[in-house]
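Below is one structure, written out as structure tokens, with a few remarks after it.
The values are calculated or read from the model by the stated rules, or taken from the named source; none is laboratory data. None of these values were measured; they are calculated from a predicted model. As a convention, Cβ positions derive from the backbone with ideal geometry for all residues, glycine included, and neighbour counts pool all protein chains shown. Remember, those area values only see protein heavy atoms, side chains included, never the ligands or the DNA or RNA. Shrake-Rupley method; radii C 1.70, N 1.55, O 1.52, S 1.80 Å.
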Amino acid sequence: MQRAEVARLVHLFFDDMVKFVVDIERGIAAVGGELHADGEAKLLEDGSRLEDLWGGNYYPNTGREGCVEYTSLINIRPSAGNPSMEILDATIRQRVRELTFALIGEGEALE
């Protein structure tokens, strides 16, 4: 994703971050929207499976260590071992981080 597009999406709703949902199996992301559920719905329409979708927030201008927040209402899945809004499984967190870096950014400055 181009920096200009990330900047546009960041400033569309929240000014300092953008919501995203990644499909950890297909390696794709839906970026933007007011709710994580918006991205989740788009990916489900595109053929993703619910169990492969995880949401988070991307903060540009914060560097690699601070740019990914692993929190979303769509992550609450007690039956799958994730009773929290935060992604608890280290393997899933790592995959979300990899996809965020590859598809959205690594916390670099946008302007």
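Summary table
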| read-out | value |
| --- | --- |
| Cβ-Cβ FRET estimate between L12 and S79, R0 fixed at 25 Å, reported to 0.05 | 0.15 |
| The chain, accessible area per residue, ligands and nucleic acids excluded (1.4 Å, Å²) | 54 |
| Formal net charge of residues neighbouring E5 (Cβ-Cβ distance under 15 Å; K, R +1; D, E -1) | +1 |
| Relative contact order computed over region 11-83 (Cα-Cα under 8 Å; 6+ residues apart), in percent | 28 |
| Summed side-chain charge close to G107 - residues other than G107 whose Cβ falls under 10 Å, Lys, Arg +1, Asp, Glu -1 | -2 |
| Accessible carbon and sulfur surface of the chain relative to its total accessible area, %, 1.4 Å | 51 |
| For the chain, projected area of the alpha-carbon convex hull averaged over all directions, nm² | 6.2 |
| The chain: angle of helix 90-103 to the longest principal axis, Cα-based, in degrees nearest 10 | 40 |
| Helical contribution to [θ] at 222 nm, DSSP H n ≥ 4, -39,500 (n - 2.57), averaged over the chain, rounded to 500 | -9500 deg cm²/dmol |
| Rounded to 10°, Cα long-axis angle of helix 36-45 versus longest principal axis of the chain | 70 |
